[in-house]
Amino acid sequence: MGEELEELYRTTYTTVVRFLYRKVWDADRAHDLAQEVFMRAMHHRPEKPRAWLFAVAANLARDEARAAVRRKRHLTLLKDDPIVQPSIPLPADESMEVDERRAKVDEALATLTKRDREVLLLWDAGLNYPEIAGQSGLALGAVGTTLARARRRLIEAHDRMEQERRAAHS
């Protein structure tokens, strides 16, 4: 298999890099991910290596995109977080609005189970699925489903509370 893998590397490396580049739009990152793909191939020794390489490359590119979105979102949250940025005072009306939104989210979070809250907060903190599984004790395969359900429950709780507030003010 060593010679076969060497030949596969020689004949498909450039194609894998090109494929990854079109997914991540960063040449250096595409080369790094391609190296990871071939390292995994050496370890797994797949039966259908070419198809396997592209499936793994697609998964790595997807994970890379998710991580980039998470990092960007997390940085945006941190930028607006007065705990992280205490020296930047907000105008009084914005500060009150931010406090009200946080209170509403905290109230909705309080209606969730401990597990749902934990998974949502770990994800919001920028942890990936394996890290969330390790912290929460969930099986890796259950993290995505648990997270999706927790998000849905949070939105439903928030919407329900908003409807109750509107009804109380009517």
Exercise. Can you name every residue in segment 15-70 that is touching a Leu at 6+ places or on another chain (Cβ under 8 Å), modelled with pLDDT under 90 and of a type in the set (Phe, Trp, Tyr)?
Worked result: none
Exercise. Residues in segment 125-139 that are at pLDDT below 85, assigned to a helix (DSSP H, G or I) and within 20 Å of residue 62 (Cβ to Cβ): how many?
Worked result: 1
Exercise. Only one of (1) at pLDDT 85 or above; (2) assigned to a loop (DSSP other than H, G, I, E, B) fails for residue 168. Which number is that?
Worked result: (2)
Seminar exercise, completed: Given the conditions (1) modelled with pLDDT under 80; (2) in a helix (DSSP H, G or I); (3) not hydrophobic (A, V, I, L, M, F, W, C), every one holds for residue 86 apart from (2)
Exercise. Residues in segment 1-17 that are in a helix (DSSP H, G or I) and exposed (fewer than 14 other Cβ atoms within 10 Å of the Cβ): how many?
Worked result: 8
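Evaluate segment 126-141: report whether one residue or more is under 19 Å from residue 104 (Cα atoms), in the same structural domain as residue 101 (by TED's automatic domain parsing) and in contact (Cβ under 8 Å) with a residue 40 or more places away in the chain. Explain how you work it out, then say what you get.
Keep residues of segment 126-141 that are under 19 Å from residue 104 (Cα atoms), which gives none.
Checked against the condition, which is being under 19 Å from residue 104 (Cα atoms), in the same structural domain as residue 101 (by TED's automatic domain parsing) and in contact (Cβ under 8 Å) with a residue 40 or more places away in the chain, segment 126-141 yields no hits at all.
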Seminar exercise, completed: Reported set for segment 29-69 where residues are without any contact (Cβ under 8 Å) to a residue 12 or more places away in the chain and closer than 20 Å to residue 11 by Cα is 32, 35, 39, 43, 44, 46, 47, 48, 51, 52, 55
Exercise. Quick one: in segment 145-155, which of the residues that are surrounded by 13 or more Cβ atoms within 10 Å (Cβ to Cβ) and either outside any helix (DSSP H, G or I) or not basic (Lys, Arg) (or both) is farthest from the chain's Cα centre (by Cα)?
Worked result: 154
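The values are calculated or read from the model by the stated rules, or taken from the named source; none is laboratory data. Note that the structure is a prediction, hence the values are computed from the model and not measured. Every residue, glycine as well, gets a Cβ built from its backbone with ideal geometry; the counts of neighbours run over all protein chains shown.
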